[in-house]
Amino acid sequence: MFRFLAACLAGTAIYVLVSFTCGRDGIWADGQLMEQKRILSTRADEIQKINDGLYLEFTALEKDPDVIAGFARKMGYVRDGEKIVKINGLVSTDEYHFETGTPVKYIEPYYLPEWFCKLSGVLMFFVAYLYMSLKDFRNRDEEYSEKKSSVSVKGIPVYDLPQV
C-alpha cells in the first residue's frame, strides 16, 4: 500500500510541477503575457501622446487666428494684397504624415498542453511504482538468500551470535 501511495504522490507532484511552470496558466505563459502587456502599454502611451498633440493642433486651428493663417498659407491660400513668389527647384514639405503607431497583434503564448502535463504525472507514477517494486523484490530476494545460508541441524536453527 505504501508503494502505491508514494507513487501517487510522486506522479501528482510531477503533474503539479509541470502544470505550474509550463502549463496554460503557468509561469512561462504568464511571463509571455506580461511582456505583451508591457508592449501594449508602451504603444498606448505613444498613441496618447500623438492624440494630445493632435488635440492641441485642433484647438489652435479652431481659436488662434495666426495659426489659421499659417496653416492656410501652407495650403496655398493668400491674403488680399499679398504677392506670391514661387521658386523653382525647392522641394515642398507641406504634406502631413501622422504616425499613429505600429499595430500590435495578440500572440497566443506558448505552453505545454494539459494532456502532456497529465501524461508526465502518470509516467512518473509508473516509474516510481516500478522502482519501489523492484527495490522491494530485491530486498525480499536478499532476505531469502540470508535464510537459506543460515545453518540448521535437523530442524534446529543455529544462530551465529557474537561471543562475549
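Any read-out appearing in this document is the output of simple, stated calculations on the displayed coordinates, not a laboratory observation. Values in this document were obtained by computation on a predicted structure and should not be read as measured data. Cβ: placed from backbone, ideal geometry, glycine included. Neighbour counts: every protein chain shown.
Assorted remarks:
- Each Lys or Arg adds one and each Asp or Glu subtracts one; over the other residues with Cβ under 14 Å from the Cβ of Val127, this totals +2.
- ³J(HN,Hα), Karplus 6.51/-1.76/1.60, whole Hz, each residue of region 25-30, x for Gly, Pro: 10, x, 5, 4, 5, 5
- Ordering Met124, Met1, Met132, Met75 by the number of other Cβ atoms within 10 Å of each residue's own Cβ, fewest first, gives Met1, Met75, Met132, Met124.
- Other residues lying with their Cβ under 14 Å from the Cβ of Ile84 contribute a combined charge of +3, Lys and Arg counting +1, Asp and Glu -1.
- Packing-based ranking of 19-27, 103-111 yields 19-27, 103-111, ordered from highest to lowest mean Cβ neighbour count within 10 Å.
- Relative exposure of Leu33, Leu5, judged by other C-beta atoms within 10 Å (fewest first): Leu5, Leu33
- Contour minus Cα-Cα distance for Ile107 and Asp25 (0.36 nm per residue): 28.0 nm
- Formal net charge of residues neighbouring Asp30 (Cβ-Cβ distance under 12 Å; K, R +1; D, E -1): 0
- Length released on extending from Phe4 to Ile39, taking residue separation times 0.36 nm less the Cα-Cα span: 7.8 nm
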